[in-house]
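Everything below concerns the one structure shown next.
The values are calculated or read from the model by the stated rules, or taken from the named source; none is laboratory data. Worth saying up front: this structure is predicted, and the values here are computed from it rather than measured. Here Cβ is always computed from backbone atoms with ideal geometry, including for glycine, and neighbour counts include all displayed protein chains. Just the protein is used for accessible areas: all its heavy atoms, side chains included, with ligands, DNA and RNA removed. Shrake-Rupley method; radii C 1.70, N 1.55, O 1.52, S 1.80 Å.
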Amino acid sequence: MKKTAFLFLTSFLPILIVAQEYTINGFIKDKTTGEILIGANVFNIKKQNGTASNNFGFYSYTTQEDSIILSVSYIGYATELIALYLNKNIELNIELIPGDILGEIVVTGEQSIEEVTQMSRVSVPVQQIKSMPRLLGEVDVMKALQMIPGVQSGAEGTSGLYVRGGGPDQNLILLDGVPVYNASHLFGFFSVFNADAINNVDLIKGGFPARYGGRLSSVIDISLKEGNTEKIKGEGAIGIISSKLTVDGPIDDRTTFLVSGRRTYIDLLTRPIIRAESGGDDVAGYYFYDLNAKINHRFSNKDRVYLSTYLGNDKAYSRSKEENRFPEMDNEGQVYSVDREQEQDFELKWGNITTAVRWNHVYSPRMFGNVTLTYSRYLFDVHENIYEYEARPDSVFEEDSRLRYFSGINDLGAKVDFQFNPNPNHSIRYGGSFTIHEFNPGALAYNSNIESDTTLGQDRVNANEFFIYAEDDFKIGEVLSLNIGLHASGFTVENEFYNSLEPRLAFNYRLPFEFSLKGSYTRMTQYIHLLTNSGIGLPTDLWVPSTNEVEPQVAYQYALGIAKNYEDLEVTLEGYYKSMDNLIEYEEGATYLSLEENWQDKVVFGKGESYGVELFLQKKKGEWNGWLGYTLSWNFREFDDVNFGEKFPYRYDRRHDVSLVLIHSPKTGVEYSMGWVYGTGNSVSVPVSQYPGERDNPWGLEFTTLDYYDGRNGFRMPAYHRLDLNASWTKPKKWGERTWSVGAYNAYNRKNPFYLDIVEQYSEERGPEKKFIQYSLFPIIPSITYSFKFK
């Protein structure tokens with residue numbers, strides 16, 4: 001019996017040894033600051049497989065080998081080679097050194113774009129964003145993303161994103177996992193994100209993983225820095241219109257902090273001029289500010305807690321006061337004095353507050369979990385106070401009135417996410433979320449000490465939104481990998497309940513010569529809507545929920561493409577088709593000010609369609625880096641009550657879009673950059689002829705000349721193109737380093753069309769005639785910025 005047992009064990013012992021698995025897990029960080037590195041590659045050189053760190057810097061890699069060499073790499077950091085002998089699971093935190101100061105390291109394998117299942121995803125290094133030319137010296141994340149193929153800008157200089165035919169409301173913008181509903185400062189010309197406080201930026205245009213939902217067109221996932229773990233450091237900048245300062249560092253050996261602030265000073269610069277013009281009593285101005293703060297505490301190697309918040313506001317204001325005394329004569333010819341006083345206080349402001357509390361826990365070497373509590377608020381508020389006083393010998397009139405319009409949305413939510421990595425070829429994610437929405441679709445209130453109070457507008461609406469998801473990313477053999485997921489969501493509002501099952505599928509098939517064929521299918525549902533006034537102007541857009549009269553928006557997207565990595569150059573070519581249902585917009589002539597009507601009675605319903613091809617070449621490191629993007633696309637809308645029910649081009653239907661970004665660092669401390677964009681002109685509606693007709697007026701019918709439009713958005717504005725330049729010189733100092741940057745927006749002074757107007761001019765030969773006049777917004781705009789870092 002003993003002999004039989006011995007023979008059995010000796011026969012199967014090699015199999016048991018081979019089947020033994022070991023897991024290496026931990027966090028990947030910057031060695032000099034302790035900041036986590038998101039998306040860092042951990043690659044087994046021998047097996048030619050690996051994994052990547054998640055949004056919290058955590059990685060997990062499982063192998064059956066007892067001796068391995070790992071290559072750990074991240075853009076802008078020296079590659080680390082780690083040799084390990086394994087006889088048990090290992091917890092290994094890895095620290096990478098910025099730059100290539102360790103010298104050149106030849107790596108025989110590294111996870112590249114053709115090995116990743118995800119498609120339609122672009123990661124732009126923050127340093128690359130900060131090196132790009134900028135408007136008025138302001139580094140802008142959203143404007144950098146506008147240079148990505150498949151992403152278009154709105155009006156000249158604005159920071160809105162139109163992704164693959166969608167609108168700005170169809171972008172899920174996350175700041176540390178919290179939705180941001182209005183991402184614009186200065187009426188849309190700058191975004192709310194301070195690049196000095198940002199750790200990572202990811203843009204997903206399609207092939208959405210199941211963990212994302214609630215929007216139709218894109219996900220913009222932005223992570224804040226977590227704070228330097230080694231020492232207190234800071235950086236800042238002084239520009240033409242604003243200044244900013246960021247400070248981060250350790251509180252103790254387990255806790256770090258980050259504080260970052262920015263403010264414009266347009267109002268401070270113009271205040272003396274306004275006072276001089278008004279005689280010293282009037283004050284008017286505009287400014288914006290934003291503040292980021294974050295605390296990160298490590299309870300143990302397995303537990304971390306983060307608290308992050310953002311607060312930002314735009315504010316335009318004017319205050320005036322007038323006092324005078326003048327004579328008047330009564331009926332009997334007696335002259336008396338009248339004292340009159342008037343004060344006016346006007347204020348317009350809008351802004352966001354976001355807060356997130358997150359707890360990370362490492363349940364096992366292969367299991368990672370995160371729990372997040374969130375709060376988000378967007379508020380638009382305009383009010384005017386008027387005080388009037390008039391004193392006569394026999395009477396006194398005094399009125400104090402207040403007029404206020406406000407709208408917004410408040411969210412309170414909770415989310416839980418889990419990630420399980422059983423082996424390098426298999427990654428499972430699952431979780432869920434619950435959000436309480438409070439919508440204020442707009443209200444106008446009037447208060448006065450001599451009149452009764454009046455309030456117009458819609459009541460607040462409460463709604464609940466939830467979802468659960470599961471996704472599985474796995475590899476079949478050596479050439480095929482799949483990401484299969486399901487996103488199930490629901491939305492309750494008043495007495496209505498909507499629900500949606502959204503399957504997600506993505507595949508990656510390895511072709512010969514290290515090419516990859518990628519494809520994806522997604523269904524997305526959006527339960528909230530944005531009612532927007534066309535054109536540039538005040539941020540009076542209203543967030544409103546789906547109701548029993550307004551159904552959720554739904555989109556289906558199909559994408560197919562190829563990917564290839566040529567050393568440091570990533571090349572992707574993708575084609576896509578997207579259909580959208582239940583789109584809403586204001587009917588002709590309706591605005592947010594029509595408060596006597598319910599917003600649901602002022603909208604029309606329709607659908608959209610977009611398709612195109614995108615080419616993207618991106619180089620993220622080296623003396624020369626940047627990208628080239630080209631988009632060929634078609635975007636259409638169709639509404640029963642618009643354009644006689646016929647399909648028409650979307651306003652931002654641009655057939656061709658080209659973007660080129662080049663950054664050159666010929667030597668240490670010197671950097672040059674340029675950005676060039678070209679886009680087919682926007683589609684607009686203009687009259688093509690006139691005809692005699694009749695029009696109603698208070699006195700009856702009037703014979704006049706009417707304009708004839710040949711379809712909605714049937715005219716193309718001239719093409720848009722622009723060149724931006726920037727040069728920076730950095731010099732080390734005893735206290736840190738300083739950088740001077742000079743740049744030019746629209747360097748060759750292109751008169752790009754902002755809008756067209758029709759004016760009547762008189763000609764001796766032809767008499768009165770109407771002509772189109774093009775108005776441009778930005779000529780060449782130089783900028784100079786002084787920035788610094790201290791240690």
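Annotations for the structure displayed:
- Over segment 379-423: Kirkwood hydrodynamic radius from C-alpha pairwise inverse distances, Å: 16.3 Å
- Per-peptide packing, taken as the mean over residues of other Cβ atoms within 10 Å, places 303-310, 350-357 in the sequence 350-357, 303-310 from highest down.
- Full extension of the segment from LEU560 to TYR363, taken as 0.36 nm per residue of separation minus the current Cα-Cα distance, would add 67.2 nm.
- Cβ-based net charge around ALA83, under 15 Å, with every Lys or Arg adding one and every Asp or Glu removing one: -1
- Neighbour-limited loop hits for chymotrypsin sites (Phe, Trp or Tyr not before Pro), segment 714-776 (at most 13 other Cβ within 10 Å; DSSP other than H, G, I, E, B): TRP735, TYR748
- Efficiency of FRET from Cβ geometry, TYR748 and GLU328, R₀ 60 Å, rounded to 0.05: 0.45
- Rounded, prolate or oblate (a/c below 1.5 giving rounded, otherwise prolate when a/b exceeds b/c) for segment 186-270 by Cα gyration tensor: oblate
- Per-residue [θ]222 nm for the chain (sum of -39500 (n - 2.57) over DSSP H runs n ≥ 4, rounded to 500): -1500 deg cm²/dmol
- Surface composition of segment 165-296: carbon plus sulfur atoms hold 59% of the accessible area, using a 1.4 angstrom probe and ignoring ligands, DNA and RNA.
- Above-threshold pairs, the threshold being 25 Å between Cα atoms, out of LYS31/LYS733; LYS564/LYS667; LYS143/LYS475; LYS233/LYS731: LYS564/LYS667; LYS143/LYS475
- Sites counted here are GluC sites (Glu not before Pro) in a DSSP loop (not H, G, I, E or B) having no more than 12 other Cβ atoms within 10 Å; the longest part of the chain that contains none of them is 105-331.
- Degrees between helix 266-278 axis and first principal axis of the chain (Cα, 0 to 90, nearest 10): 10 degrees
- Here the extension length gained between GLN342 and GLU549 equals 69.9 nm, from 0.36 nm per residue of separation less the Cα-Cα distance.
- 0 to 90° range, to nearest 10: angle between helix 2-19 axis and the chain longest Cα axis: 30 degrees
- Residues of segment 213-227 with amide N under 15 Å of the 7 Å Cα→Cβ point at THR255: 227
- Cα-based Kirkwood hydrodynamic radius, segment 387-463, one decimal, Å: 17.8 Å
- Value of relative contact order over segment 305-462, rounded to a whole percent, pairs C-alpha under 8 Å and six or more apart: 18 percent
- For segment 337-353, the residues whose amide N sits under 17 Å from a probe point set 7 Å from the Cα of GLU384 along the beta carbon direction are 342-349.
- The Cβ shell under 10 Å around LYS620 holds other residues with a net charge of 0, Lys and Arg each +1, Asp and Glu each -1.
- Computed from label points 7 Å out along Cα-Cβ, the spacing between ASP601 and ALA391 is 4.8 nm.
- For segment 544-585, the ratio of Cα radius of gyration to the globular rule of thumb 2.2 N^0.38 Å stands at 1.95.
- What the Cα convex hull of segment 189-234 gives, in volume per residue, is 112 Å³.
- Calculated on the alpha-carbon coordinates, the convex hull of segment 23-77 measures out at 80 cubic angstrom per residue.
- Here the relative contact order of the chain, from alpha carbon pairs under 8 Å that lie six or more residues apart, stands at 10 percent.
- As a calculated quantity, the FRET efficiency between ARG263 and ASP472 at R0 = 30 Å, using C-beta atoms, amounts to about 0.05.
- Segment ASN462-LEU307, length gained on full extension (0.36 nm per residue, minus Cα span): 53.1 nm
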